[in-house]
Amino acid sequence: MGGGLLRDPAQVNRILSEMRNAISGLFTVKMRIGFADTSTFEPILDLIDRHRIDLLSLHGRTVKEGYHSVVHYDYIAQAVQRVNCPVLANGNVTSAATTATVLAQTGAAGVMVGRSAIRNPWIFKQIRQYLTHQPLSVPTLADVRHYIDLLYQTTTASTVAERSRVNFLKKYLNFIGQSVDTEGGFLSAMRRAQTETELFGICDRYLLTHPELPFAQEPYPGIIARPSCETERQETSQLEALRT
Ligand SMILES: Cc1cc2nc3c(=O)[nH]c(=O)nc-3n(C[C@H](O)[C@H](O)[C@H](O)COP(=O)(O)O)c2cc1C
């Protein structure tokens with residue numbers, strides 16, 4: 001649900017009603033707990049029930065709180081109690097261990113993983129292993145280097161300029177880099193790279209000097225991914241519109 005809609009439960013009611021009538025299969029909703037505050041949270045949860053939503057994914061922050069505030073898992077727990085459908089807890093689920101903590105704290109049916117899925121695409125396997133008491137797969141830095149190659153291959157070399165491909169890859173490295181070194185050296189070096197050769201040289205230096213080392217499961221403390229995603233930009237511009 002677009003974050004701005006959270007200010008207007010009457011409009012949410014109309015949209016959910018129209019969509020429920022149009023959708024014959026499962027109908028899921030993803031939303032935050034509010035826009036600037038949580039005053040519409042409970043009325044909107046009641047609409048989730050009224051329109052027989054099949055699954056609710058809930059990011060436990062308001063739009064105003066962006067991506068870096070604490071996550072209000074207590075609101076997610078409240079939603080679990082209040083609505084009839086299963087709820088997925090979302091926000092800062094960074095590893096298999098945090099999944100277990102968040103599930104215990106919220107009573108949610110499952111978790112939704114955002115940024116950490118980009119940083120560590122092995123997280124889903126690790127979560128399944130953790131929850132079934134199996135040993136966790138631990139990717140190495142060499143595995144991460146291979147993952148970066150696969151990401152780069154998704155850009156089409158012949159049609160996209162090198163600079164654009166480099167910038168595309170940097171969006172992903174922004175998240176991956178949180179678990180590469182404790183000082184954030186990889187992140188600051190890769191952000192300065194201009195060419196493919198420079199960028200891959202930096203990747204090789206940080207990931208292939210000791211390729212056998214394990215890739216950290218959590219982001220290193222204090223190593224922050226720059227807020228650069230499109231969704232965040234859209235939400236920020238909605239907030240700016242609200243302030244003016
Ligand atoms: C690159 C990126 C793209 C996103 N795109 C969407 C989107 O299209 N729709 C949406 O509801 N949320 C989107 N989000 C928000 C995530 O689904 C998620 O709610 C948020 O990142 C918090 O979860 P996390 O702490 O696990 O990242 C996006 C987040 C990122 C980082």
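The values are calculated or read from the model by the stated rules, or taken from the named source; none is laboratory data. Everything numeric in this text was worked out from a predicted model, so none of it was measured. Here the Cβ is made from the backbone with ideal geometry for all residues, glycine too, and neighbour counts use every protein chain on show. In case anyone asks, the SASA skips ligands and DNA or RNA and just uses the protein heavy atoms, side chains included. Shrake-Rupley method; radii C 1.70, N 1.55, O 1.52, S 1.80 Å.
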### Residue satisfying all of: in the range 134-166; touching a strand residue (DSSP E or B) at 6+ places or on another chain (Cβ under 9 Å) and more than 12 Å from Cys203 (Cα to Cα); most open to solvent (accessible area, probe 1.4 Å) among these
Val138
### Summary
Checking Thr101, Thr94 in turn, the sole residue that is touching a helix residue (DSSP H, G or I) at 6+ places or on another chain (Cβ under 8 Å) and within 28 Å of Asn174 (Cβ to Cβ) turns out to be Thr94
### Enumerated helices (runs of 4 or more DSSP H) restricted to the range 14-116, each holding at least 1 residues that are of a type in the set (S, T, N, Q) and away from the ligand (no atom under 14 Å from the Cβ)
73-82, 96-106
### Message
Condition first: among the β-branched types (Val, Ile, Thr) and either open to solvent by 10 Å² or more (accessible area, probe 1.4 Å) or touching a Pro at 6+ places or on another chain (Cβ under 8 Å) (or both). Now tell me which residues in the range 2-28 satisfy that.
### Response
Ile15, Ile23, Thr28
### Message
Tell me whether the range 235-243 contains one or more residues that are modelled with pLDDT under 95, in contact with a helix residue (DSSP H, G or I) (Cβ under 8 Å, 6 or more places away or on another chain) and within 23 Å of Gly114 (Cα to Cα).
### Response
yes
#### Entry: Boolean, Glu218 is under 21 Å from the mean Cα position of the chain (by Cα), at pLDDT 95 or above, within 14 Å of the ligand (Cβ to nearest atom) and not assigned by TED's automatic domain parsing to the domain that holds Ala117
yes
## Note on the structure
How many residues of the range 167-182 are without any contact (Cβ under 8 Å) to a residue 24 or more places away in the chain and either buried (at least 21 other Cβ atoms within 10 Å of the Cβ) or not in a helix (DSSP H, G or I) (or both)? The answer is 0
